[in-house]
Amino acid sequence: MKKIKNFIGGEWCEPISGRYLDNVNSALGEVYSQLPDSDELDAAAAVTAASEAFEAWSKTTLEQRAILLQKMADILDRRREEFALAESIDNGKPISLSLQGDIPRAASNLRFYAGGAMHFASESHAMPNFGVNYTLRKPVGPVLSISPWNLPLHIFTWKIAPALAAGNTVVAKPSEITPMTAYLFGEICQEAGLPAGVLNIIHGLGAKAAMPVAKDPRIKAVTFTGGTATGRILAQEIAPTFKKMSLELGGKNANIIFDDCDLDQAVETTLLTSFSNQGQICLCGSRLLIQQGIYPKFKQKLLEAIQKLPVGNPMDPATRVGAIVSKSHFEKILSYIQIAKDEGGKILSGGEKLSPHGECANGYFIKPTVIEGLDNMARCNQEEIFRSVVTLQSFATKEEAISLANGTPYGLAASIWTQDLKQAHVVADALDSGIIWVNCWMIRDLRTPFGGMKQSGVGREGGWESMRFFTEPKNICIKY
Ligand code: NAD
């Protein structure tokens with residue numbers, strides 16, 4: 001059985017304790033590899049490696065950083081199929097998605113911030129008849145990146161690429177549920193010639209492997225993507241140290257579908273917003289708010305489309321909905337479906353475990369689920385399930401739609417479906433949401449600010465937002 005190792009100071013390292021955790025192929029329901037159960041000793045070794053590498057890396061030229069990031073992107077492109085296969089086995093996501101989405105996007109992240117390294121600039125502010133200010137932006141130091149399981153390599157690279165581009169060294173802790181592609185990424189660092197210690201990858205449980213790194217005074221910033229509850233713990237623990245912190249957290253996103261929308265396009269995209277990656281994308285819409293006039297027709301078309309959605313073995317190129325990432329997540333989703341029933345919800349589609357024929361019979365599959373009849377305050381409309389479960393609610397006016405959409409503790413993403421330009425602008429302006437799409441979804445320009453309001457996060461990533469986060473501004477004022 002394959003044993004994943006930590007990548008520290010350019011070397012492959014066993015966990016110091018010698019302890020390992022099981023890694024499960026969720027489509028088969030079987031352990032297929034092991035990963036280090038790293039603890040504070042491995043964490044300290046990784047921080048030491050990142051600290052020792054910092055000075056030299058922070059002094060590399062912008063071009064040197066850009067060339068290395070570009071090289072890593074090229075190697076990843078070359079190994080796309082191998083990485084896509086590893087991602088789908090590890091996560092349960094359809095192979096078509098890994099091949100066309102996750103892995104190419106990870107390469108794009110590296111390439112985008114190769115450009116970022118070269119083009120990022122700092123500000124200057126002239127004071128008439130007095131002088132000028134200029135702002136230096138220095139790398140902050142060794143930083144920690146903590147990433148989740150839903151888009152494993154995609155989010156891992158989304159964080160490490162700007163950190164490296166800005167001249168920082170990194171300790172990265174990928175999710176213990178999907179460690180494989182981050183592990184393989186160590187090979188890419190070696191082949192590209194990234195100096196030892198510039199990127200260190202340690203595996204294991206968050207509290208045991210990542211938290212000691214977060215608290216280490218040598219770590220100057222923490223970038224985290226994951227659940228709101230974990231973000232809260234992390235924020236509580238590291239707030240007293242005053243180190244920089246970026247938190248990208250959960251969501252309960254609304255799709256607002258008006259009577260005047262292009263119905264076919266809205267239904268087709270709603271299938272993606274609801275069930276892509278088994279609904280395990282932080283940007284997925286999980287609350288479908290539909291205007292009264294179109295509600296019956298939209299519902300009928302959506303349910304018909306779901307019947308045709310190929311669900312099953314992630315390795316089948318035709319599959320569009322694969323396996324839920326883990327047994328515990330699978331059980332959590334089923335428990336929420338039961339809660340919805342207890343709260344008076346009517347299951348229109350799915351609502352139960354699916355057992356595909358053949359080798360995936362013991363895997364963790366749930367039929368795409370649609371529930372109606374729940375109040376906006378019902379738990380399934382308030383709490384993040386992060387799954388193939390969506391709820392339908394109807395509304396009469398745009399004011400009601402805005403109130404429903406804003407009526408949760410979250411504020412990550414939303415989509416609006418209407419042909420009325422004024423309505424689109426008015427509603428977008430009123431939504432408490434960091435990311436809003438009109439008549440589309442998941443279209444990403446990497447230069448735009450990415451992140452959420454309220455309990456969906458603190459700070460923004462993307463474009464210069466990430467470069468600013470990973471640099472410390474220092475203003476110098478000069479009198480003429
Ligand atoms: P999670 O919070 O359970 O874990 C995320 C990471 O944090 C993992 O690497 C984990 O090991 C680590 N971790 C766990 N406990 C920790 C602790 N005490 N100290 C330090 N690290 C700890 O989240 P998950 O289940 O892996 O991911 C799903 C969540 O991520 C969902 O809530 C989803 O909405 C969110 N998410 C948000 C975005 C975004 O951009 N806002 C993107 C993707 C996923």
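The values are calculated or read from the model by the stated rules, or taken from the named source; none is laboratory data. In this text, all values refer to a predicted model and were calculated from it rather than measured experimentally. Cβ: placed from backbone, ideal geometry, glycine included. Neighbour counts: every protein chain shown.
Observations
- Residue 256 passes every criterion in (1) more than 11 Å from the ligand (Cβ to nearest atom); (2) within 20 Å of residue 48 (Cβ to Cβ); (3) assigned to a strand (DSSP E or B) apart from (2).
Each row is one residue, and each column tells you yes or no for (1) under 20 Å from residue 184 (Cβ atoms); (2) aliphatic (A, V, I, L, M); (3) assigned to a loop (DSSP other than H, G, I, E, B).
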residue	(1), (2), (3)
12	yes, no, no
17	no, no, yes
24	yes, yes, no
35	yes, yes, no
38	yes, no, yes
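- Scanning segment 444-480 for residues that are away from the ligand (no atom under 16 Å from the Cβ) and without any contact (Cβ under 8 Å) to a residue 24 or more places away in the chain yields one hit, 447.
- Test for residue 464: is it outside the structural domain of residue 294 (by TED's automatic domain parsing) and either buried (at least 18 other Cβ atoms within 10 Å of the Cβ) or assigned to a helix (DSSP H, G or I) (or both): yes
- You will find that of 184, 247, 194, the residue that is of a type in the set (A, V, I, L, M, F, W, C), modelled with pLDDT of 95 or more, within 9 Å of the ligand (Cβ to nearest atom) and surrounded by fewer than 24 Cβ atoms within 10 Å (Cβ to Cβ) is 247 and no other.
- Only listed residue being without any contact (Cβ under 8 Å) to a residue 24 or more places away in the chain and either over 25 Å from the mean Cα position of the chain (by Cα) or surrounded by fewer than 20 Cβ atoms within 10 Å (Cβ to Cβ) (or both), chosen from 372, 331, 343, 359: 331
- Within segment 116-144, residues that are more than 12 Å from residue 473 (Cβ to Cβ) have Cβ atoms under 9 Å from residues that are of a type in the set (Asp, Glu) and outside any strand (DSSP E or B) in these pairs: 117/63; 118/63; 142/216; 144/216, counting only partners at least 6 apart in sequence or on another chain.
- Residue count for segment 411-462 satisfying the condition of being closer than 22 Å to residue 156 by Cα and small (Gly, Ala, Ser): 8.
- Some residue of segment 226-244 being within 15 Å of the ligand (Cβ to nearest atom), out of contact with any Pro (no Cβ under 6 Å at 6 or more places or on another chain) and not in a helix (DSSP H, G or I): yes
- Selected residue (criterion: nearest to residue 177 (Cα to Cα)) from residues of segment 125-162 that are small (Gly, Ala, Ser) and in contact with a helix residue (DSSP H, G or I) (Cβ under 8 Å, 6 or more places away or on another chain): 147
- Only residues that are within 16 Å of the ligand (Cβ to nearest atom) and in contact with a helix residue (DSSP H, G or I) (Cβ under 8 Å, 6 or more places away or on another chain) were counted in segment 379-414, giving 14.
- Hits in segment 56-94 (condition: in a helix (DSSP H, G or I), closer than 24 Å to residue 169 by Cβ and hydroxyl-bearing (Ser, Thr, Tyr)): 58
- The number of residues in segment 2-52 that are of a type in the set (Ser, Thr, Tyr) and closer than 23 Å to residue 164 by Cα comes to 2.
- Hits in segment 44-73 (condition: out of contact with any strand residue (DSSP E or B) (no Cβ under 9 Å at 6 or more places or on another chain), among the small types (Gly, Ala, Ser) and over 19 Å from residue 215 (Cβ atoms)): 56, 66, 73
- Any hit, segment 357-371, residues being assigned by TED's automatic domain parsing to the domain that holds residue 412, at pLDDT below 95, out of contact with any Ser or Thr (no Cβ under 9 Å at 6 or more places or on another chain) and not acidic (Asp, Glu): yes
- Number of the exception - residue 406 against (1) more than 21 Å from residue 332 (Cβ to Cβ); (2) in contact (Cβ under 8 Å) with a residue 40 or more places away in the chain: (2)
- Boolean, residue 109 is under 13 Å from residue 466 (Cα atoms), within 15 Å of the ligand (Cβ to nearest atom) and crowded, with 22+ Cβ neighbours inside 10 Å: yes
- Matching residues in segment 213-225 - criterion: being assigned to a helix (DSSP H, G or I) and more than 9 Å from the ligand (Cβ to nearest atom): 215
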